[in-house]
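The values are calculated or read from the model by the stated rules, or taken from the named source; none is laboratory data. As the structure is a computational prediction, the values presented were derived from the model and not from experiment. Every residue, glycine among them, receives a Cβ derived from its backbone with ideal geometry; neighbour counts consider all protein chains shown.
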Amino acid sequence: MLRVAIQKSGRLSEDSLQLIKNCGISYPKMKARLKTEAYNFPMELLYLRDDDIPQYVADGVADIGIVGENELLEKDKDVDLIEHLGFSKCRLSIAVPRDMDFQSLEQLNGSSIATSYPVILKNFLREKEIKCQIHEISGSVEIAPSIGLAGAICDLVSTGSTLLSNGLKEVATVMRSEAVLVANPNLSEEKKSLMDKLLFRIQTVNRAKQYKYVLLNAPNNRLQDIIDVLPGMKSPTVLPLAVDGWSSVHSVVQENQFWEIIDELRDMGAEGILIVPIEKMIL
Ligand code: PRT
Ligand code: ZN
């Protein structure tokens, strides 16, 4: 049985559970429990605080876990980073009071910075050759400058609205972070093969999210031009329409490329364009 550590409640929990569900794995929904066993995969879910996940995985109490990269780097435990999962994206940034005339990081020399990430911040400042006092606090970091505890802060930012509402502005990105899958480096062969099975499913689900299935009707005299901008996995599928001179073209396109090529497709005479989400994608 593979023991998987996920956050009990917080910003990572919902997406972690959704990912497991999208992998076709079902489990009892009992919020109050600290441990549940999946129904259709040899896997046990351990519900923990995110801060504890790197340690539990390093100790082998859990075999694998889902945690933010920021927590992983801060705790610096002996675990392997297996896969970036693409959710809970944020950045760890340095912010200063909005009215400060900020030109460069050197201005922070001799000041103090409040943070919950002293290890990451210390390494960053050392690399930039900046000497600051680091105030470690465990929460509500954003209020530190306004109560006179520190001149600047280093905290996680996603939309930036918390900084804004506390009169702060972001001046440097220390690291970018997202949820990652981590594993104990000494898994048995059996557990490793279970993890690989789960990883295959995760990659299949996550890859599908980046792509869309595209169907369109193309005039035959522009078919080759349309095929050229719609590469597809091997090549697009082309089927004749019941009406003369037209074909139906099916292909797979990266979501972020789609908006770039849509105008080109329409200019080439493509009509009846349908964009359909893909649930699973195996290359
Ligand atoms: O109870 P437990 O210890 O398990 O949870 P926690 O309270 O320590 O962590 P939680 O649930 O807040 O965050 C878990 C993980 O989510 C973090 O380690 C990050 O990897 C990731 N994550 C993504 C974030 C954010 N985005 C985020 N915006 N974690 C925290 N924030 C906070 C930030 O600290 C700040 O207070 O949200 C505020 C800023 O948000 P914006 O949108 O206003 O910029
Ligand atoms: Zn935490």
Residues that are farther than 27 Å from Arg207 by Cβ, assigned to a loop (DSSP other than H, G, I, E, B) and in contact (Cβ under 8 Å) with a residue 24 or more places away in the chain, drawn from segment 233-283: Leu241, Gly245, Met268, Gly269
Return yes or no: is Arg11 at pLDDT 95 or above and basic (Lys, Arg)? yes
Cβ-Cβ distance below 8 Å, separation of 6 or more or different chains: which pairs start in segment 33-45 with a residue that is free of Cβ contacts under 8 Å to residues at least 40 places away in the same chain and end on one that is of a type in the set (D, E, K, R) and part of a loop (DSSP other than H, G, I, E, B)? Leu34/Lys8
Scan segment 202-246 residue by residue and report those that are within 38 Å of the chain's Cα centre (by Cα) and among the acidic types (Asp, Glu). Asp225, Asp228
So which of Glu142, Glu44 is at pLDDT 95 or above and away from ligand 1 (no atom under 16 Å from the Cβ)? Glu44
One residue is enough: does segment 139-155 have a residue meeting the conditions within 16 Å of ligand 2 (Cβ to nearest atom), buried (at least 20 other Cβ atoms within 10 Å of the Cβ) and closer than 30 Å to Ile20 by Cα? yes
Yes or no: segment 86-95 includes at least one residue that is among the basic types (Lys, Arg) and within 17 Å of the chain's Cα centre (by Cα). yes
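Table: residues versus (1) modelled with pLDDT of 95 or more; (2) within 16 Å of ligand 1 (Cβ to nearest atom).
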site	(1), (2)
Gln103	yes, no
Ala114	yes, yes
Gly148	no, no
Val157	yes, yes
Val174	yes, yes
Ala179	yes, yes
Counting residues that are closer than 19 Å to Val180 by Cα, in contact with a strand residue (DSSP E or B) (Cβ under 8 Å, 6 or more places away or on another chain) and more than 16 Å from ligand 2 (Cβ to nearest atom), which helices (runs of 4 or more DSSP H) fully inside segment 1-112 reach at least 1? 13-22
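Residues are listed down the side, and each one gets a yes or a no for (1) within 30 Å of Pro231 (Cα to Cα); (2) out of contact with any Lys or Arg (no Cβ under 8 Å at 6 or more places or on another chain); (3) without any contact (Cβ under 8 Å) to a residue 60 or more places away in the chain:
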position	(1), (2), (3)
Gln107	no, yes, yes
Gly110	no, no, yes
Leu125	no, no, yes
Lys131	no, yes, yes
Leu149	no, yes, yes
Ala172	no, yes, no
Phe200	yes, yes, yes
For segment 122-133, the count of residues that are buried (at least 17 other Cβ atoms within 10 Å of the Cβ) and under 13 Å from Gly110 (Cα atoms) equals 3
Residues that are modelled with pLDDT of 95 or more and of a type in the set (Phe, Trp, Tyr), drawn from segment 232-273: Trp246
Which count do you get for residues in segment 1-18 that are charged (D, E, K, R) and within 7 Å of ligand 1 (Cβ to nearest atom)? 2
I'd like to verify a number: residues in segment 153-170 that are within 22 Å of the chain's Cα centre (by Cα) and either touching a residue at least 40 places away in the same chain (Cβ under 8 Å) or within 16 Å of Glu74 (Cβ to Cβ) (or both), how many? 7
Could you count how many residues in segment 113-123 are out of contact with any Lys or Arg (no Cβ under 9 Å at 6 or more places or on another chain) and in a helix (DSSP H, G or I)? 5
Of all residues in segment 179-225, count the ones that are out of contact with any strand residue (DSSP E or B) (no Cβ under 7 Å at 6 or more places or on another chain) and in a strand (DSSP E or B). 0
